[in-house]
Amino acid sequence: MLSQRWRPVIFSAVAVCAIWLVALAGYRIARNAKVTAEKVKSYAESVDISKLSGAARAKAIRELEDMLNALSLEERRKARVERSAWSWFDRMTEEEKAAFLEATMPTGFKQMLTSFEQLPEEKRRKAIDDSLRRLREARDQTAGGLGSGKQGSTNSPPVLSDDLQAKIRTIGLKTFYSQSSAQTKAELAPVLEELQRTMESGRPFRGR
């Protein structure tokens with residue numbers, strides 16, 4: 001039998017080991033639960049929504065929306081570069097596309113559009129140019145990390161077509177977005193996300 005002296009020591013050691021095992025299990029659960037661009041890609045490739053209908057199809061789309069909304073900024077950009085969700089988007093109905101975009105746009109982006117339109121023209125232009133530049137840099141960096149090209153390559157396609165840029169500046173971003181098709185809104189989505197971060201940083205409201 002254990003002596004009265006050693007029994008508390010052994011019990012304490014067992015308790016410490018148990019705490020470490022629980023902590024390790026919690027860490028592994030948290031790590032596995034974290035949503036990444038790779039998990040989004042795997043999920044999108046594992047489900048063929050063209051073979052789903054009704055409640056099953058709606059549930060699958062909601063699951064993809066929830067995964068995209070759970071991504072960090074870096075992982076969200078990576079998912080866009082890999083176009084993880086866009087194979088689904090192309091097979092959605094117009095109603096599904098509209099709901100999908102509404103569900104996956106950042107919170108408060110409509111308020112951002114209103115604030116953006118109230119800026120002087122020069123600051124609106126600069127905010128868009130800065131957002132496109134940072135988005136291009138982030139895209140090239142992510143693509144470079146994935147082995148899809150050289151970082152900062154001058155041969156990289158524009159993050160937004162010249163035609164859309166011209167329409168945004170002529171018509172106004174808020175008006176143009178409200179009048180656009182779901183496909184055009186999808187093309188604008190990453191630019192709007194970057195523009196919202198620009199607006200939230202306060203840079204467009206600062207003086208020279």
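The values are calculated or read from the model by the stated rules, or taken from the named source; none is laboratory data. Everything numeric in this text was worked out from a predicted model, so none of it was measured. Because the Cβ atoms are built from the backbone with ideal geometry, glycine has one as well, and the counts that use them run over all protein chains shown. To get the accessible areas, we keep the full protein, side chains included, count just its heavy atoms, and leave off ligands, DNA and RNA. Shrake-Rupley method; radii C 1.70, N 1.55, O 1.52, S 1.80 Å.
Close contacts from segment 118-135, counting a first residue that is part of a loop (DSSP other than H, G, I, E, B) and a second that is at pLDDT 85 or above and surrounded by 15 or more Cβ atoms within 10 Å (Cβ to Cβ), with Cβ to Cβ under 6 Å and a gap of 6+ residues or different chains, come to none at all.
Scanning segment 106-127 for residues that are closer than 16 Å to residue 188 by Cα, modelled with pLDDT of 85 or more and open to solvent by less than 20 Å² (accessible area, probe 1.4 Å) turns up 112, 113, 116, 127.
Counting the residues of segment 139-175 that are assigned to a helix (DSSP H, G or I), open to solvent by less than 40 Å² (accessible area, probe 1.4 Å), aliphatic (A, V, I, L, M) and modelled with pLDDT of 75 or more gives 3.
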